[in-house]
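Report on the following structure.
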Amino acid sequence: MLSIPTEESMSADWFNELFASLDMVAEVVGFDSERVGTGQIGKCVRYHFRYKDSANAGPVTLVGKFPSDDENSRATGVALRNFLKEVRFYQQLQDKLSVRTPKCYFADIVEEGPEFFLLMEDLSPAQQGDQLKGCSEKEAESAIRELTGLHAPLWSDKSLLENDWLIDLENVPRNTTRDLYRLQLPGFLDRYGPFLAPDEREIIFRVGEADRSPLSQEFPSQFSLVHVDYRLDNLMFHATVADQIEVTVVDWQSITVGSPLNDVAYFLGAGLEPSRRLEFEKELVGDYFRSLQESDVDDFSWNDCWELYRQGVFAGFAVTVVASMLVQQTERGDKMFTAMAKRHARHALDLGSGEFLIG
């Protein structure tokens, strides 16, 4: 059985042992490596291979994912089960879905981490989305359409609830997310509050004060797999020859089970400037709803869809407030979390979603 390598211990022998186990005849004689991406829980390395025989060469490049070098980020990855979830996603769920994901060559973990390793297809020349820059309407359309491949195949499938690494309804209190939010909120407001408008700070504060909110609601009767962090930095965009945009989804370290509209609202709230979102968000949510119907999800009405979308805006609050305070602080991270806080707050204000904050 292959050992789990570290960035420093990776060798040509390890790759050759892996390729042999996959019935590949390629023999690696050397490789170069470079850090890629902007992850904060994990770090990604691209490997460029040299082969003994060009006629029997394997992949030109692959991307490996290791735990972050930052101790705080590593501890967060273990505490929130991020490392375990991503490895189990590739081991147990990837083949059951139609959402576009990178081919996985290796996925293993020691207990719940932080020791783990993933080796995946290199998606280059696809381009990573940019959370700060935002995206076009066409890119948003493609990203929302791709969500159907995550949500529809296992829609309200009760077998999902049997995976305690994915969700543990018996042992994890309903208010866990709300309590984490409350715990991190003071530090978040100290760090990012000065960059927010008064009404943005107010609604972010109100979410923490509310006794009842979408962050602490009962488990939904209609549910699906939920990516949780479905935003531009975790999407790879590729323009095809037919002038279409293909989206491949990465970073499955937060996957859970819950309301599917959380992913939709989170993406549109985080990825679009508010003025642009207002122009076509209802059309995009409508496209998503019709795509579900085409995928044989027929127990879900448009009114339910829109109401859950309005509640789903608070998923962005939870990720922004909690994650920003638990991962390594960086200059880009501060800019990104500020932008996300402003956009998610404005999203809730625009949709009148404050009505879901009670007490």
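For the structure I just gave you, tell me whether G58 is over 17 Å from V249 (Cα atoms), touching a residue at least 40 places away in the same chain (Cβ under 8 Å) and outside any helix (DSSP H, G or I).
It is false that G58 is over 17 Å from V249 (Cα atoms), touching a residue at least 40 places away in the same chain (Cβ under 8 Å) and outside any helix (DSSP H, G or I).
Of the helices (runs of 4 or more DSSP H) lying entirely inside the stretch 123-211, the ones with 1 or more residues being among the acidic types (D, E) and in contact (Cβ under 8 Å) with a residue 60 or more places away in the chain are found at 137-151, 198-209.
When Y90, Y105, Y47 are checked against the criterion of being closer than 26 Å to E246 by Cβ, hydroxyl-bearing (S, T, Y) and in contact with a Cys (Cβ under 9 Å, 6 or more places away or on another chain), a single residue qualifies: Y90.
The helices (runs of 4 or more DSSP H) located wholly in the stretch 251-359 that include 2 or more residues which are modelled with pLDDT under 95, closer than 30 Å to V87 by Cα and of a type in the set (V, I, T) occupy 302-326. Of all residues in the stretch 121-180, exactly one satisfies the criterion of being of a type in the set (K, R) and within 17 Å of the chain's Cα centre (by Cα), namely R145. Selection over the stretch 255-269 of residues that are over 15 Å from D304 (Cα atoms) and over 12 Å from the mean Cα position of the chain (by Cα) gives a count of 3.
Might you check whether a residue that is more than 29 Å from A341 (Cα to Cα), among the hydroxyl-bearing types (S, T, Y) and either modelled with pLDDT under 90 or loosely packed, with under 13 Cβ neighbours inside 10 Å (or both) occurs anywhere in the stretch 151-168? For the stretch 151-168, residues more than 29 Å from A341 (Cα to Cα), among the hydroxyl-bearing types (S, T, Y) and either modelled with pLDDT under 90 or loosely packed, with under 13 Cβ neighbours inside 10 Å (or both): present.
Within the span defined as the stretch 66-82, one or more residues are hydroxyl-bearing (S, T, Y), touching a strand residue (DSSP E or B) at 6+ places or on another chain (Cβ under 9 Å), farther than 30 Å from P274 by Cα and in a loop (DSSP other than H, G, I, E, B). I'd like the full set of residues that are at pLDDT below 95 and hydroxyl-bearing (S, T, Y), limited to the stretch 22-39. Listed by number, the list holds a single entry, T38.
For every residue, the table says whether it meets (1) under 19 Å from P214 (Cα atoms); (2) small (G, A, S); (3) outside the structural domain of P153 (by TED's automatic domain parsing); (4) buried (at least 18 other Cβ atoms within 10 Å of the Cβ).
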| site | (1), (2), (3), (4) |
| --- | --- |
| S295 | no, yes, no, no |
| R310 | yes, no, no, yes |
| M325 | no, no, no, yes |
| A341 | yes, yes, no, yes |
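The values are calculated or read from the model by the stated rules, or taken from the named source; none is laboratory data. Fair warning: this is a prediction, and the values are worked out from it, not measured in the lab. For neighbour counting, all protein chains shown are included, and Cβ atoms are generated from backbone atoms with ideal geometry for every residue, glycine included.
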